[in-house]
Amino acid sequence: MTESKVDASLFANYVPLNALRPESQADLARKSVVSTARAGDSLFKLGDSADRALFLMSGALQLKDGDGKVVSTIRAGEPSAMHRIAHQSPRRVTAQCATDVRYLAIDAGLLDVMLTWDQTGSFEVGELVAGETETGGDEDWMTRLLQMRTFQLVPPSNLQAMFMRMQEVQVEPGQVIVRQNDAGDYFYVVMSGRFIVTREQPNQKPVRLAELETGACFGEEALISETRRNATVTALVRGKLMRLSKDDFRTLLNDPLSRRIGADEATAMVEGGKARWLDVRLPSEFQRGSLPGTLNLPLYMLRMKLGQLDAQQTWIACCDTGRRSSVAAFILTQKGFDAYVLDGGIPASNRGDGA
């Protein structure tokens, strides 16, 4: 299969793409592709997840049931080809190319969010991205944010409320946004500019941890765990931030994303090879006792060591109380991992704390 970029004008031929506002069409087009497939290829199979919305541009497709029987044929140019191809998830049919085809592929989660916003009429994306051209609006902060798995798991109504409640903040070079050891008050998203993350250690120079650019998020750890800030974030250049209050963050983002799982179900997943434990306690805690087959990656090292984790693996984050593992699960989900939190924390008998 080959892929090419999409011109938003193409959306005029398809439902419901043609109902989106021009701004939404432009954002969506940047995350869409036109692909080709040969006769006999399958675009998707029965039972697959419908993570992409597909629209037929040329050629013909046969939709087949579990027995391989053709239940319908879709031909480009006919009314049926104006709509998404069998878009229920999981897929209820197999889509096989009867001829060589070209088709439009769009992120289904992002499409759903944009349709929700546009149809409510109470939220205007343009209001939040106005002026973005000065700092490179081609990859605006909102589009990047919505590509993160974290935000695709949040109900569209919550996302709409989140963007409506966010406050814009102008920042100057050298301005400290959050300071290490301060209480957490806001969750931040970078609209434009560059920011450096540092951590101070006794009698040592601050350690540079990361540099953040458009679309990056920070500040969630202290809000989830109800602890002090664990690093300082400083603006390197003039820029803009969007911030969300602690209470709104918890209600609109953290609560819907708290994929908690009970000990019995989690153990069954791990023993069945469907998941793996990720213990985010300190090594000294881990050495006293842990769950069987656990990988230990302390929370403070998680962001720096994400590349060592199998992105295809489902991870069940665990700690003593569930607080640190909640932060870990949020970070993992934000980076595209499939992650859960062990509800109630690791049993005392596995922590070396006694029965």
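Things worth noting here:
- Signed unit charges on C-beta, dipole axis of the chain, positive-most listed residue Gln25, Ala263, Ser80: Ala263
- Comparing Pro173, Pro202, Pro298 in a Gaussian network model of the chain, where Cα atoms under 10 Å apart are tied by springs, the biggest mean-square fluctuation is seen for Pro202.
- Rounded to the nearest 20 debye, the dipole size of the range 145-230 about its Cα centre is 180 debye, using +1 on the Cβ of Lys and Arg and -1 on the Cβ of Asp and Glu.
- Normalising the average separation of contacting C-alpha pairs (under 8 angstrom, six or more residues apart) by the number of residues puts the relative contact order of the range 279-355 at 35 percent.
- Theoretical FRET efficiency, 1/(1+(r/R0)^6), r = Cβ-Cβ of Leu153 and Asn203, R0 41 Å, to 0.05: 0.45
- Annotation: extensible slack from Met301 through Ser58 equals 82.5 nm (criterion: 0.36 nm per residue apart, minus Cα-Cα distance).
- Residues whose amide H comes within less than 5 Å of that of Ala210, counting only those at least five positions distant or on another chain, are Val197 (H built at 1.01 Å from N in the peptide plane).
- Label zone at Arg102, where the point sits 7 Å out along the Cα-to-Cβ direction: the range 9-49 residues whose backbone N lies under 17 Å: 9-14, 32-39
- Alpha-carbon centroids, the range 297-325 and the range 8-69: separation in whole Å: 35
- Measuring against 25 Å, Cα to Cα, the residue pairs Lys205/Lys246; Lys5/Lys274; Lys45/Lys335; Lys45/Lys274; Lys205/Lys305; Lys274/Lys335 contain Lys205/Lys246; Lys5/Lys274; Lys45/Lys335 as the ones spanning a longer distance.
- Charge dipole (Cα centre; +1 on Lys/Arg Cβ, -1 on Asp/Glu Cβ; no other charges) of the chain amounts to roughly 660 debye.
- Degrees, to the nearest 10: 108-120 long Cα axis against longest axis of the chain: 90
- Residues Arg38 and Arg238, FRET efficiency given R0 of 41 Å [Cβ-Cβ distance, rounded to 0.05]: 0.20
- Dividing the helix sum by the residues of the chain, where each DSSP H run of 4 or more adds -39500 (n - 2.57), gives a mean residue ellipticity at 222 nm of -7000 deg cm²/dmol.
- Rounded accessible area of Met82 (nearest 10 Å², 1.4 Å probe): 80
The values are calculated or read from the model by the stated rules, or taken from the named source; none is laboratory data. Just so we're clear, the structure is a prediction, and the values are computed from it rather than from any experiment. Note that each Cβ is placed from the backbone with ideal geometry, even for glycine, and that neighbours are counted across all protein chains shown. The area values use the complete protein model at the heavy-atom level, side chains included, leaving out ligands, DNA and RNA. Shrake-Rupley method; radii C 1.70, N 1.55, O 1.52, S 1.80 Å.
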